[in-house]
Amino acid sequence: MAAFANFVSLITGALLVALGLGVAEAILAVWVGSILAGTLHGLLSAAGPRFGKTQVVAARHTFGTRGAAGCAFFTLVLGTGWFAVECVIETKALVQVCHRAGLPTGRLTNALVLLVVVALSVIVAVYGHSTIQVFERYGAILFVAFCTVLFVSLLPRVNWGLPPSVAGADHVAAWILGTSVIFALVASWFSFASDYSRYLPREVRLSSVAGWIGAGTSLSMGLFGSAGVVLASIKPASAGNLLGLITDSAPGAIVVPFLLFIAIGEIWANYLDVYTAGLSGLALNLRLRRWTAALACGLLGGVLAYLALFVSNFKDQYTNFLLITYLWVPSWAAVVLVDLFVFGRRAGTLPAVRPAAVAAWLTGLVVAIPFVDSTLWQSPLAIGLLHGTAISGYVCAMVGGGLYLVIGRQ
């Protein structure tokens, strides 16, 4: 639950209002996306106690030692990308605090704050799993408390009856896109899943692992995503900048502590990103110590965060990041789940490549490309017949998983 009890979940829920959805239907989209993705996340986590390995290493049982290298690379990119996203949010929150304190808030301030944020995020991440567990366990409780206070203070301003701003086929497309955005946020954790369940005892029931992790993920993402929708209804035109909306709308006595807590909360959220990115680098057989790999990923993520702050539009780049994740992860996850639960794959001799698994994964990825709609790539099919929706994740999961069911049994 703790992994989704953060400001990113609020921002992602608010994006559904920016897409043109009304409050009630946006909340429904949040829960549909959360439950679908949360269920898959729980099932993937079962690989932890079964194999006792991180997700990208456990995936070698499905794809082979070399066949799983693609997943390790993409997961390294994911972890580094999430680190950059979190750093941007932390920096924006702290700069807002500086502005309220009357301090200068120009480019230099942003750069200095970002430097501090990156350093703090990396320092603790190198200590590993036990330290992360402590921060997540207690930090999530504090975040819930802060969100409750904020929500109560803004409750009178919430527009519960906010209608959609789109109609017809565009309306349907926006709703499907909304479920996809929420699904993509959770799906970006799929290749991290067993990184944190691998310490569970081997004899634990896999149904319990999948059930509790799936329920915790779905509940947390559903609640905080819905809260983001509700807060965005206060000023729908500012839904793409939830941090600024809250800063302008909430009482000052609440805003400053909340901004400070967001900054601290996103720093410990970054521990998960740097830790997993470091593990993925090791899974690629990079000859680095884990802490060195984590440090390198943190530095690269810091550079990406700088570019997102000063060179591009953060909202658009964040949406693109989610949709890129949505392109490759669902097909990969579907193949792993078929291998784990249908074919019953267990630990054994690992080949270099399992061609059927790799072929099914990549086929799902390629088939999904015509269904992508983002500022990076707008498929004529997606912007024409599909009215701007993005169903690439659903397509690649069905194609990849279905194909592997046919060709994968060995």
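Results, tabulated for the structure shown:
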item	result
Contour minus Cα-Cα distance for Thr148 and Asn313 (0.36 nm per residue)	56.4 nm
Dimensions (Å) - the stretch 282-376, Cα atoms, principal axes, largest first	48, 40, 19
Residue-wise HN-Hα coupling along the stretch 183-190, computed from phi with Karplus coefficients 6.51, -1.76, 1.60 (Hz; x: Gly, Pro)	4, 5, 4, 5, 4, 5, 9, 4
Surrounding net charge for Gly408, when Lys and Arg each add one and Asp and Glu each subtract one, Cβ distance under 9 Å	+1
Arg137-Ala167 FRET efficiency (beta carbon distance; Förster radius 56 Å; 0.05 resolution)	0.80
Relative contact order of the stretch 1-143, pairs being alpha-carbon contacts under 8 Å that are 6 or more residues apart, as %	26
Stretchable slack from Arg107 to Ser208, in nm (0.36 nm times residue separation minus alpha-carbon distance)	31.4 nm
Backbone HN-Hα couplings from phi across the stretch 99-110 [Karplus 6.51/-1.76/1.60, Hz, Gly and Pro as x]	4, 5, 7, x, 7, x, 10, x, 4, 5, 4, 4
Order by protection proxy (mean Cβ within 10 Å, highest first), peptides 146-154, 325-333	325-333, 146-154
For the chain: accessible area per residue (Å², 1.4 Å)	40
Backbone HN-Hα couplings from phi across the stretch 218-226 [Karplus 6.51/-1.76/1.60, Hz, Gly and Pro as x]	4, 5, 5, 5, x, 5, 6, x, 5
The chain - percent relative contact order, Cα under 8 Å, separation 6 or more	33
FRET efficiency estimate (nearest 0.05) - Cβ-Cβ, Val303 to Ser249, R0 30 angstrom	0.35
FRET efficiency, Ile407 to Asn159 (Cβ-Cβ, R0 51 Å, nearest 0.05)	0.50
Contact order normalised by residue count of the stretch 37-114, Cα under 8 Å, 6+ apart, percent	16
Surface share of carbon and sulfur [accessible, 1.4 angstrom probe, percent] for the chain	69
Nearest-20 debye value, the chain charge dipole, Cβ charges on Lys, Arg, Asp, Glu	1100
Euclidean distance between Cα centres, the stretch 49-83 to the stretch 274-316, Å	16
Cα-only Debye scattering, the stretch 5-157: base-10 log of I(q)/I(0) at q = 0.13 Å⁻¹	-0.93
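The values are calculated or read from the model by the stated rules, or taken from the named source; none is laboratory data. Keep in mind it's a predicted model, so treat the numbers as computed, not measured. Reconstructed Cβ throughout: ideal geometry from the backbone, glycine too, with neighbour counts over all protein chains shown. Note: accessible area is taken over every heavy atom of the protein model, side chains too, but ligands, DNA and RNA are not part of it. Shrake-Rupley method; radii C 1.70, N 1.55, O 1.52, S 1.80 Å.
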